[in-house]
Structure formats: structure tokens, C-alpha cells
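Right, one structure below, let's go through it.
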Amino acid sequence: MKQAHCIFQEDDHRWLAIARDATKPGYIIDTNEYVIVDGEEALLCDPGGIEIFPAVFSALSAECDPTKLAGLFASHQDPDIISSLALWLEFKPDLKCYTSWLWQSFLPHFGGEDTTFVPIPDPGMTIKLGSLELQAVPAHYLHSSGNFNLYDPKAKILFSGDIGAALLPPDQGGLYVEDFSRHIRHAEAFHKRWMGSDRAKRDWCERVSRLEIDMLVPQHGSIYQGADVQRFINWFAALEVGVLRG
Amino acid sequence: MNAPERNLKLTNHRSGELAGIVRVNEEIKAIVATAFRINLMALNAIFLAKRAGNAALGFGVLSNELRRFAQDLTRHMASLRDMTSGSVGSVTGVVQQQRNSRILAEAIRLAGEVPGVREARKRGMARLSAQQVKLRALDLRLRAAVEETQQLVELGGVLARSAKIEAAYGGGFSPALMQVSTDFAEVIAQIKRSLEVLGKERLVKD
Ligand SMILES: [Fe+2]
Ligand SMILES: [Fe+2]
């Protein structure tokens, strides 16, 4: 069963990582969900698919009051990101879902109505949560054509969605990257195939290099911290993307 | 509980209502096709009666009536079809709501009584029962419409039987007219059977 791990805490400002679901059927890709809490408000990043909703809901509820959930942040439109939308709305009908304007009329196929969605314009925007000012950082075409990361300048954490994702073997499924070069082997094929644009990749690398990042937290795989963050950005900058094989 | 079992539990529930609608639609399609056949048969019968002349005057009148019957039946079936296509939306709503409630219930079971779950459960139940009320009303309307159609088909049966009697007075054309009226009786019996099946279908399980 999934569990929420506190990866950052400063007073009532917290980041929870909901990760590693051993009971999940093997044919469903493993995902990480992140909860940002500040005081009385919480935001859930990439809530995940329908199948894992019970596990995510209970892991979240174990660590924070689920009625404090003010919004969902969907980095993009994929089913492993946001197909559970209707279920979260079933629990809390007035939840806001922040997502690229590009997906605003597509996501209602998963649930919600026009008042549910807060479209993020291409250059990004500020999302207020409690006293925090979170930044939706453009990451278009990596891999989705309307794609955002979420940066918390106070915690210095960048939620990077599918960027940084690794498909790890069960014996290397630690919450944090321990050995970068060993870990990155499991990220290579994924990034080559899923990330479609070299230009978009270079833009992103430049953009996030200007941010102060202590932790880069992806939707699949382990969390990069400290020097591994820049190591990842450099690795990604040099990687040839948009290739079918090799 | 192992993982695939959990998956089954969440998804493999009551597709019964949708399957019911599919059966109703198939039955309606069968009746529409038969009504079309009656229409053609009646047209042929009208020409046959014309050729038979005075000996088949009564048969000609009945053939005209049967043709009108086929047209009425087609109209009835069109309105039945409108009802069932509307019900696909309602049934889908119910199925979705049931699925969401079930997954939420599973989440609540795992999480325990955390704040907000009671309200969420109540809202879900209210939505579900509102949708079921709608579906039940639709079911009643559908049943009433099927009964009305059954009465119409009774009338068609009477016409077919009368045609058989008239055929006996058809002189040299009598065997041909008899064949046509027997065909009428057969297809009408077929429609009756379909309507019986339709009358037994329920869009909502009690
Ligand atoms: Fe994705
Ligand atoms: Fe993903």
C-alpha cells in the first residue's frame, strides 16, 4: 500500500511524496503523487489514475486532512496523471484543477465542469496556496505539448512531472536517487522515447538552471537531491531525444 | 487480497443495465425491419387484389389497412427508439456514479473515517438515487409505450385474419391471396413475440 513520506517540512509548510504501491497490479505504471501543504490548504500534484485512487486517497488522508485539499495540479493530460479527477471531485466537488489551457476542453472527459479548471497560459503562472506562491514552470513538449512543472521557491522543490522519470527495477526502488549513474540508466530509454523536442529540452534546461533547486521530484522513479539535480539537468541537456531506438 | 482481484472488484460490476438497453434496441430494430417487410407485402397484396378485380375487393381494402398498420408500427418503433437512446445517457450516468461511489467507498475503507467522507458519501447517494428515479420513470414510459404497441399489433392480427377469410372468396386468385394472408399472419406473430420480449426488459433492476 502506498504511503505518504514527508520530504520537506518547515513549520506548517510541507511536501509529502506518496510513492511505491506494492499492491498495485503490475501492468499499471508506478507513479508518485506529491502533496504540498501550507497551513490550512493543500495542493495535490498529478493525482494519478482511477485504479490507484483508493491508495492515494488513504495515504494522503493518513498525513493530512483531505478536506483541506484546495486544488489539483495536472502537469499534463495523461491517464496516469489525472484520470482519477472524477473521484477527487466526488469527494470534493469544488476542487480546482490547474492544467495547461491546451487540455482545458480535453480533461472534462475524465470529469469536472467548466468551473473546475483553471487554465495555465503557455508562459506559466503563479498558483497561490496558503502563504505560498508556487510557480507553474513551462515544460512544453516534455513530453506533452501542453506541459508544466511546479516550483516551490520557498521549499526549493521542483515537481518535474515526467521529466526525470525512471522505470526502476524493484530492487532499486528507493525514494531518493542514491547512485546517480546507476539510476540514470533506467531513465535513459524513457527520456529518449518520450521527450519529443530537442529545442524544448534545451529551453527547459536553461530555464530550470536559473532556479534554486534542492530537490527535483518526478512523477515516476526516485527523487533527485542536492548535486544530483544539476547532474540530471546536464545529463538531460546532452541526451539525444525524440528517437525511436538506440 | 492480491492485486488483480482488487482490480476486478473495482471494474467488473453491473453492466447489466447497458446490456438490457442493447437487447431492447436489438428487439426494436427487428420489429422495424419486420414492419418494413409488412409494408412491402401489403403493397404487393394491393397490386394482387387489383389484378384479381371484383373478386378481391375486400382483400384490397384490408391490404390498404395493413399497409397503414405497418406505417403506424414504424412510427411507434421510432418513438420507442428515441426513448431508449435517451436512456443510454441515464444508464451510463448510473453506472458511472455506481463506479465512483464504489471506488470512493474502497478509499474510505482504507482511510478510515476521515473528515469529509460522510458528506461525500451522502452526495453520491443523492446523485445516484436521482438518476435512478429518472431511469425508473423512463422504464415506466417505455413499458406503457410497448403496451400501446401491443394493442396496435392486436389490430394487425385481426386484419391478417380477416384477409385470410377474404382470400377464400378470391376465385382463381384464392391460393395466391391465401399465401399472402398467411405470410401476414406469420410476420405479425413474430412481432408479437418481439414485443413480449421487450415488455419483459427492465432498464432498472429493482
Ligand atoms: Fe505522461
Ligand atoms: Fe507519467
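The values are calculated or read from the model by the stated rules, or taken from the named source; none is laboratory data. Owing to the predicted nature of the structure, the values given are computational and were not obtained by experimental measurement. As a convention, Cβ positions derive from the backbone with ideal geometry for all residues, glycine included, and neighbour counts pool all protein chains shown. Surface areas here come from the heavy atoms of the whole protein model, side chains and all, with no ligands, DNA or RNA. Shrake-Rupley method; radii C 1.70, N 1.55, O 1.52, S 1.80 Å.
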- Rounded percent of accessible protein surface that carbon and sulfur make up, chain B, 1.4 Å probe: 57
- Query: Can you list the HN-Hα couplings for segment B:192-203, worked out from phi with the Karplus curve (6.51, -1.76, 1.60; θ = phi - 60°), rounded to whole Hz and with x for Gly and Pro?
  - Reply: 4, 4, 4, 5, 4, 4, 4, x, 8, 5, 10, 6
- What is the calculated FRET efficiency for B:Glu119 to B:Asn25, with r their C-beta to C-beta distance and R₀ = 41 Å, to the nearest 0.05? 0.60
- Can you give the charge dipole size of segment B:3-200 about its Cα centre, rounded to the nearest 20 debye, using +1 on the beta carbon of Lys and Arg and -1 on the beta carbon of Asp and Glu? 740
- Note on the structure: With +1 on the Cβ of every Lys and Arg and -1 on the Cβ of every Asp and Glu, the dipole magnitude of the protein assembly as shown about its Cα centre, in debye rounded to the nearest 20, is 2060
- Query: If only Cα atoms are counted, what is the Rg of the protein assembly as shown, and what is its Dmax, in Å?
  - Reply: 32.3, 106
- Message: Could you tell me which residue out of B:Met178, B:Ile165, B:Gln71 lies farthest along the dipole of segment B:3-200 toward its positive end? Charges go on the beta carbon: Lys and Arg +1, Asp and Glu -1, centred on the Cα centre.
- Response: B:Gln71
- Task: Select from B:Gln132, A:Ser100, B:Gln96 the residue farthest towards the positive end of the dipole of the protein assembly as shown; place +1 on Cβ of Lys and Arg, -1 on Cβ of Asp and Glu, and compute about the Cα centre.
- Result: B:Gln132
- Query: With charges set only on the Cβ (+1 for Lys and Arg, -1 for Asp and Glu), what does the dipole of chain A come to about its Cα centre, in debye to the nearest 20?
  - Reply: 740
- Over chain A, what is the mean sequence separation of C-alpha contacts under 8 Å (at least six apart), divided by residue count, expressed as relative contact order in percent? 14
- Hey, if you put +1 on the Cβ of every Lys and Arg and -1 on every Asp and Glu Cβ in chain A, which of A:Gly226, A:Pro66, A:Cys205 ends up farthest toward the positive end of that dipole? A:Cys205
- Query: Computed FRET efficiency, Cβ-Cβ of A:Leu175 and A:Asp94, R0 45 Å: what is it to the nearest 0.05?
  - Reply: 0.90
- Quick one: which residues, 5+ away or cross-chain, put their amide H under 5 Å from the amide H of A:Ile52? H built at 1.01 Å from N. none
- In nm, spacing of pseudo-spin labels at A:Lys192 and A:Ser131 (7 Å Cα→C-beta vector): 4.8
- Whole-percent carbon and sulfur contribution to the accessible surface of segment A:3-238 (1.4 Å, no ligands, DNA or RNA) stands at 50
- Task: Report the trypsin sites (Lys or Arg not before Pro) located in segment B:164-206 that are in a DSSP loop and have at most 12 other Cβ atoms inside 10 Å of their Cβ, or state none.
- Result: B:Lys205
- Note on the structure: Scoring only Lys, Arg, Asp and Glu (+1, +1, -1, -1) among other residues with Cβ under 13 Å from the Cβ of B:Ser63 yields +2
- Task: Taking GluC sites (Glu not before Pro) as candidate sites, keep only those in a DSSP loop with at most 16 other Cβ atoms within 10 Å, then name the longest stretch of chain A containing none of them.
- Result: A:41-112
- For segment A:1-102, shape from the Cα gyration tensor axes a ≥ b ≥ c, cut at a/c of 1.5 then a/b versus b/c, turns out oblate
- Query: Full extension from A:Asp65 to A:Arg231: what is 0.36 nm times the residue separation minus their Cα-Cα distance, to one decimal in nm?
  - Reply: 56.1 nm
- Sites B:Ala189 and A:Glu113, calculated FRET efficiency, Cβ-Cβ separation with R0 51 Å, nearest 0.05: 0.50
- Item | Value of [θ]222 nm, deg cm²/dmol, for chain A, DSSP H segments ≥ 4, -39500 (n - 2.57) each, nearest 500 | -7500 deg cm²/dmol
- Item | Spacing of the two label points (7 Å from each Cα toward its C-beta) at B:Ser129 and A:Glu212, in nm | 5.6
